[in-house]
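The values are calculated or read from the model by the stated rules, or taken from the named source; none is laboratory data. Predicted model, so just to flag it, every value in this text is computed and none were measured. Please note: Cβ atoms are built from the backbone with ideal geometry, for glycine as well, and neighbour counts cover all protein chains shown. These accessible areas exclude ligands, DNA and RNA; they are computed on the full protein's heavy atoms, side chains included. Shrake-Rupley method; radii C 1.70, N 1.55, O 1.52, S 1.80 Å.
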Amino acid sequence: MIRHKIGFDIILDVDRAIPSLCASLLAVLEKEIEIYRELLTAVSGERSILTRPSVASLQQSNARKETLVLKTRMIKEARTGIVKKIARQLNFDEEKINFTILAQFLKEDQRLALQDRRETLATLAGQVGRINEENRNLIDASLQHLKNSVDFLAGLMSTDPVYHRNGQVPADRLNGRLINRKG
């Protein structure tokens, strides 16, 4: 049994369950990293789809991303479950345990592996977020351009009313400037 002293002379006995749970946590983090790499590839490829869109490719891209987001949620639940088990083993509040606290109870090789996976996951999540933001900006710019085009066309087709004193529009001004309803 490994004994660790933390904080105000509180001594926790850590049994063999912690290294086993940590090994499970490392495996889950490795799977999470794999999913985030797939997500990074998906959002990176989305830019080319957005610049040369087709309905089929957009639908396929969205379906792939939805699947990956679902996988990240499921793997996060698995990770959270393992961390809760570790917290219970260490007599820690499940909401307060984090990588730093957990690292205190691990052997050097597991501590380094945990730190490596944490850094890799943070880097991948940052890259996914950055590329996703760039894609969102591209979509926003495209939508603004589309709105401006629609507004321009609507302006060309709408009437340019001049009202009489009685508030009515003259009958000869009911057609747009570009399109004439009379043929």
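Working from the pairwise distances between different alpha carbons, so that the mean of 1/r is found and then inverted, what is the stretch 16-130's Kirkwood radius in Å?
Kirkwood radius, the stretch 16-130: 15.6 Å.
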Apply the Debye scattering formula to the stretch 72-141, with a single equal point scatterer on each alpha-carbon and no solvent, then give log10 I(q)/I(0) at q = 0.21, 0.27, 0.29 Å⁻¹. -0.97, -1.22, -1.26
Site residue 58, offset 7 angstrom along Cα→Cβ, radius 16 Å on amide nitrogen, limited to the stretch 131-152, gives 135-150
Take the solvent-accessible surface of the protein heavy atoms, probe 1.4 Å, and return the percent of it on the stretch 17-143 that carbon and sulfur atoms account for. 53 percent
Counting heavy atoms of the protein chains only and a 1.4 Å probe, report the per residue accessible area for the stretch 51-101 as a whole number of Å². 73 Å²
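Can you give the FRET efficiency to the nearest 0.05 for residue 136 and residue 38, using r as the Cβ-Cβ distance and R₀ = 35 Å? Intermediate values should be presented prior to the final figure.
Numbers: r = 20 Å, r/R0 = 0.56.
So the FRET efficiency works out to roughly 0.95.
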Given a cut-off of 20 Å, name the pairs among 85/107; 31/65; 65/85 whose C-alpha atoms lie farther apart than that in the structure shown. 65/85
